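Derivation of every value follows stated rules applied to the coordinates shown; laboratory data play no part. Worth saying up front: this structure is predicted, and the values here are computed from it rather than measured. Cβ: placed from backbone, ideal geometry, glycine included. Neighbour counts: every protein chain shown.
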Amino acid sequence: MKWLACELHTHTLHSDGKQTLHELAAGAAKLGFDGLALTDHNTMSGLADKEAVEQATGLVILPGMEWTTFYGHMVTVGLSALADWREANRGNIHSGVSAVHHHGGAAGLAHPFRIGSPACTGCYWEYEVDDWNSLDYIEVWSGTFAPIKTDNSRAFSLWTDKLNEGYRLAATSGRDWHEQSETDEPVSVTYLGLEDEAGQVSEEAVKALRQGRVSVTIGPLVTLELEATEGGPAYGLGSIVPADEASTSARITIDFAVRSGLWDLPNPDYRILLTSNNGVLEERPLEASDGTQDLHFAVPREGLLWIRAELRGIVRGVRTMVAFTNAIYFE
């Protein structure tokens with residue numbers, strides 16, 4: 001599987017950004033991204049130069065738009081045409097999500113616990129959600145050095161709560177990138193797992209997002225796979241393990257070579273965790289390296305709804321989350 005390093009929340013001069021699409025893409029390329037989603041507020045006009053910018057920078061640019069309303073911001077990615085945000089009200093967000101899906105896109109909550117009015121009108125999510133399965137993802141990390149921010153911790157907890165309630169939706173990061181200003185803070189990356197490496201990259205990326213083949217990090221790439229009984233199938237991120245699959249073990253892979261030279265976590269004192277709706281199943285110390293490491297864990301099936309991998313460590317003197325995978329689910 002190919003993992004595409006993406007930035008999924010960006011803005012240009014076509015809304016409130018201070019950069020052209022070319023400046024944005026060139027800046028993303030310097031940071032080791034393979035692709036980005038242009039998600040200007042309530043417009044897709046910034047995509048006019050999409051093909052030329054892709055050719056000039058080598059990046060994949062996913063068409064998108066951030067629905068910016070009084071009741072919340074919803075990031076949409078991968079649309080073939082504009083899904084009109086103007087009819088959105090507190091009680092009918094599902095109609096908007098259906099319109100996004102109709103145009104081939106994915107829809108997710110943007111920074112759901114960011115401070116709202118009057119500091120940031122509509123930034124706080126207030127839409128009534130009747131079925132969380134209709135949404136594709138929650139942006140649980142927003143901004144730079146995202147893991148230490150209180151509003152992001154609340155968003156991550158919301159995602160975990162919904163998984164515990166039996167819903168199946170993805171979690172992503174988004175810088176909410178408005179300008180080419182320098183930062184020395186850790187930058188998060190959303191990796192999308194492309195199953196068909198020979199397919200249309202943009203289509204495969206949106207499919208990965210909707211199906212939960214997603215891993216988020218400010219450092220190494222962490223992936224998770226469940227291995228069934230000998231000779232049986234393997235289950236990757238976003239997969240559903242059938243009820244009759246009784247014996248499984250988890251393999252967590254940590255790739256320290258991704259975006260080589262573009263991130264540095266000195267003395268991180270890593271710990272890798274296998275977590276679930278039943279809490280932490282196992283926790284182990286992990287040594288940093290320049291390559292790839294595999295770890296294997298037994299998985300007690302009883303009572304499981306989902307599992308994910310988490311990498312925690314010390315970043316700038318703070319013990320925090322460094323990376324996490326999306327979930328594997330159980331019938």
Of 306, 232, 320, which is farthest towards the positive pole of segment 219-330's charge dipole, taken about the Cα centre with +1 and -1 on the beta-carbons of Lys, Arg and Asp, Glu respectively?
320
Rounded to the nearest 500, the 222 nm mean residue ellipticity computed for the chain from DSSP H runs (n ≥ 4, each -39500 (n - 2.57)) alone is -5000 deg cm²/dmol
Normalised alpha carbon radius of gyration of the chain [divisor 2.2 N^0.38 Å]
0.95
Calculated from backbone phi, Karplus (6.51, -1.76, 1.60) coupling profile of segment 182-187 in Hz, x at Gly/Pro
6, 9, 9, 7, x, 9
Checked segment 219-330 against the a/c 1.5 cut and the a/b vs b/c comparison, axes a ≥ b ≥ c from its Cα gyration tensor; verdict prolate
Write out the chymotrypsin sites (Phe, Trp or Tyr not before Pro) in segment 1-83 meeting two conditions: DSSP loop, and at most 14 other Cβ atoms within 10 Å of their Cβ.
70
Taking H as built 1.01 Å from N, whose amide H comes closer than 5 Å to the amide H of residue 62, not counting residues under 5 places away?
36, 37, 38
Suppose a student asked you for the relative contact order of segment 1-127, using Cα pairs under 8 Å spaced at least 6 residues apart; what percent would you report?
20 percent
Which Cys in the chain stand alone, with every other cysteine's Cβ at 4.7 Å or more from theirs?
6
Selected from 45, 177, 192, residue furthest toward positive end of dipole (the chain; charges at beta carbon)
177
Residues of segment 24-66 with amide N under 17 Å of a point placed 7 Å along Cα→Cβ from residue 81
43-45, 63-65
Segment 2-215, relative contact order [Cα under 8 Å, separation at least 6], %
22 percent
Could the peptides 287-300, 110-123 be put in order, highest first, of the mean number of other beta-carbon atoms found within 10 Å of their residues?
110-123, 287-300
Express the relative contact order of segment 52-169 as a whole percentage, based on alpha carbon pairs under 8 Å and six or more residues apart in sequence.
22 percent
Which value in nm describes the separation of the simple spin-label points at residue 29 and residue 115, placed 7 Å from the Cα toward the beta carbon?
3.8 nm
Please identify the GluC sites (Glu not before Pro) of segment 99-144 that satisfy two criteria: DSSP loop assignment and at most 15 other Cβ atoms within 10 Å. Which are they?
126, 128
Packing-wise, with mean Cβ within 10 Å as the measure, how do 311-320, 277-286, 185-194 rank, highest first?
185-194, 311-320, 277-286
Pairs of lysines 8 or more apart, or on different chains, with alpha carbons under 19 Å: count those in the chain, would you?
4
Inter-centroid distance (Cα atoms) of segment 13-27 relative to segment 143-221, Å
21 Å
What number do you get for segment 169-223 when its Cα radius of gyration is normalised by 2.2 N^0.38 Å, N = residues?
1.29
Given +1 on the Cβ of Lys and Arg, -1 on the Cβ of Asp and Glu, and no further charges, what dipole in debye does segment 2-215 carry about its Cα centre, rounded to the nearest 20?
280 debye
